[in-house]
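Let me begin by presenting the structure, written as structure tokens, before commenting on it.
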Amino acid sequence: MVERMIVGPLYTNAYIVSTGKKECFLVDPGAEATKICSRLESLNLIPQAIICTHGHLDHTSAAREIQSRYLVERDHRIPIGIHPNDAPYFGDGAEERHRECFLPLGKQAAEVFDHLKADIPTADFLIEIGGSILESDFMALETPGHTPGSISLYSELRGVVFSGDTLLFKSVGRSDLPAGSADALVKSISTQLFGLPDETRLFPGHGPFSSIEREKANNLLLEGERTF
């Protein structure tokens, strides 16, 4: 089961991914912790981890509140994971790095930053590329370009991939933010994501669902409009 919620001022796709009868992990809880926790309660699922596909605040800012709620209300700790190369977006000193990303984009982006910045999470573990996520059928693919530590989560068994802001519906994530790389982004998509089976369902960080086959046929890569 994959449950999507659209959260926050940038309409981020946050996902609940079932891994067992009452267990799941969260992907990119970018905002609206109360909404996410309420949905978890209604599904009777308890998160075993929070996985962030990259470190940008619109994908991470609800993680700390969700973690705190479960610790206080259920005495259950939910570890938060990130790729080592995006660890600088987390913890002490990370606010300045986020400020560098948001503020050059104008007044509206600055307002988004002010809305999200209070909840910068701290990483509890670093995600190993190629390793199993929570001993599940999901593994992490290294897909940098949007950020240095961007990852995608792939399950061959389920035929799904969570691509974060690397690959979107008929578009790609932007690579013009600090530490972004257009060359790395194209390489990640071409060699990693487009190398997956065509029938693989694509769950991106923003926008509609898609598939690898559809994106190989229709995605304009860097010629398309990039907004995230």
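The values are calculated or read from the model by the stated rules, or taken from the named source; none is laboratory data. Quick caveat: nothing in here was measured; it's all calculated off a predicted structure. Note that each Cβ is placed from the backbone with ideal geometry, even for glycine, and that neighbours are counted across all protein chains shown.
Rundown of residues vs (1) surrounded by 15 or more Cβ atoms within 10 Å (Cβ to Cβ); (2) under 14 Å from the mean Cα position of the chain (by Cα); (3) closer than 26 Å to Thr191 by Cβ, yes/no style:
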| position | (1), (2), (3) |
| --- | --- |
| Arg69 | yes, no, no |
| Ile78 | yes, no, no |
| Phe102 | yes, no, no |
| Gly106 | no, no, no |
| Lys117 | yes, no, no |
| Glu128 | no, no, yes |
| Ser136 | yes, no, yes |
| Thr143 | yes, yes, yes |
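Cβ-Cβ contacts under 8 Å between residues 6 or more apart (or on different chains), taken from a first residue in segment 186-197 that is surrounded by 20 or more Cβ atoms within 10 Å (Cβ to Cβ) to a second residue that is in a helix (DSSP H, G or I), are listed as Ile189/Leu221; Leu193/Ile212; Leu193/Glu215; Leu196/Ile212.
To keep it simple, each residue is scored yes or no on (1) outside any loop (DSSP other than H, G, I, E, B); (2) aromatic (Phe, Trp, Tyr); (3) at pLDDT 95 or above.
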residue	(1), (2), (3)
Glu3	yes, no, yes
Tyr15	yes, yes, yes
Gly20	no, no, no
Ser38	yes, no, yes
Glu41	yes, no, yes
Ser68	yes, no, yes
Asp86	yes, no, yes
His98	yes, no, no
Leu103	yes, no, no
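Residue count for segment 6-32 under the criterion of being in contact (Cβ under 8 Å) with a residue 12 or more places away in the chain and either of a type in the set (Asp, Glu) or surrounded by fewer than 19 Cβ atoms within 10 Å (Cβ to Cβ) (or both): the result is 7.
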